[in-house]
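*Asks:* First the structure, then my questions, so here it is.
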Amino acid sequence: MGKGKSDLALPLSELEDYGDRLRSVRTRLNRTKKLFESFRDDLGDGSVYDALDDFESHWEDGREDITQQLDALADMSDAVVREFKKLDDDLAREAEKGSRKKESGSGGGAGAGK
């Protein structure tokens, strides 16, 4: 346990955005059909669009599972951030209480409980 160095480090600022980034990936995955449709006229031969549409149909089968996993990861990330912030706040409160007790207890005398 080094002096001045935290035993527990969490890149909270990076993790705070992680859930939102995962949800953004999910949203973009679910927009592939609209994306393909938006380029339909630019693709030229209809067989290209048909192949993309076929891909989209088959991709839809696995997309629900991926979407659920992305949502679960995003929720877990949010929970970690929330709980870590709560823990940090609780520890700061306890440290503040301990500091006040130490300052007020330096005069001696009989102390009562908490």
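*Asks:* Any idea which of D61, D65 is under 21 Å from the mean Cα position of the chain (by Cα) and surrounded by fewer than 10 Cβ atoms within 10 Å (Cβ to Cβ)?
*Replies:* Exactly one residue qualifies, and that residue is D65.
*Asks:* Kindly check whether there is at least one residue in the range 1-10 that is aliphatic (A, V, I, L, M) and either farther than 25 Å from V81 by Cα or at pLDDT 80 or above (or both).
*Replies:* Scanning the range 1-10 turns up no residue that is aliphatic (A, V, I, L, M) and either farther than 25 Å from V81 by Cα or at pLDDT 80 or above (or both).
*Asks:* Determine, yes or no, whether V48 is of a type in the set (V, I, T) and within 22 Å of P11 (Cα to Cα).
*Replies:* Answer is no for this residue.
*Asks:* Confirm whether K86 is surrounded by 10 or more Cβ atoms within 10 Å (Cβ to Cβ) and out of contact with any Cys (no Cβ under 9 Å at 6 or more places or on another chain).
*Replies:* yes
*Asks:* Under 8 Å by Cβ, and 6 or more places apart or on different chains, what pairs join a residue from the range 50-64 that is closer than 15 Å to F39 by Cα and assigned to a helix (DSSP H, G or I) with one that is of a type in the set (G, A, S) and open to solvent by less than 50 Å² (accessible area, probe 1.4 Å)?
*Replies:* That search, which allows pairs on different chains as well, returns nothing.
*Asks:* I've got another one for you. Kindly establish whether D78 is in contact with a helix residue (DSSP H, G or I) (Cβ under 6 Å, 6 or more places away or on another chain), open to solvent by less than 100 Å² (accessible area, probe 1.4 Å), closer than 22 Å to E14 by Cα and in a helix (DSSP H, G or I).
*Replies:* Criteria met by D78.
*Asks:* OK, next. Among what's in the range 37-52 and is at pLDDT 80 or above and in contact with a helix residue (DSSP H, G or I) (Cβ under 7 Å, 6 or more places away or on another chain), pick the residue that is least open to solvent (accessible area, probe 1.4 Å).
*Replies:* Once the filter is applied, the top-ranked residue is Y49.
*Asks:* If you take the residues of the range 10-36 that are not in a helix (DSSP H, G or I) and not hydrophobic (A, V, I, L, M, F, W, C), which of them is surrounded by the most Cβ atoms within 10 Å (Cβ to Cβ)?
*Replies:* N30
The values are calculated or read from the model by the stated rules, or taken from the named source; none is laboratory data. Note that the structure is predicted; figures quoted are calculated from it, not measured. Glycine gets a Cβ as well: all are built from the backbone with ideal geometry, and neighbour counts include every protein chain shown. The accessibility values were calculated without ligands, DNA or RNA, using every heavy atom of the protein model including side chains. Shrake-Rupley method; radii C 1.70, N 1.55, O 1.52, S 1.80 Å.
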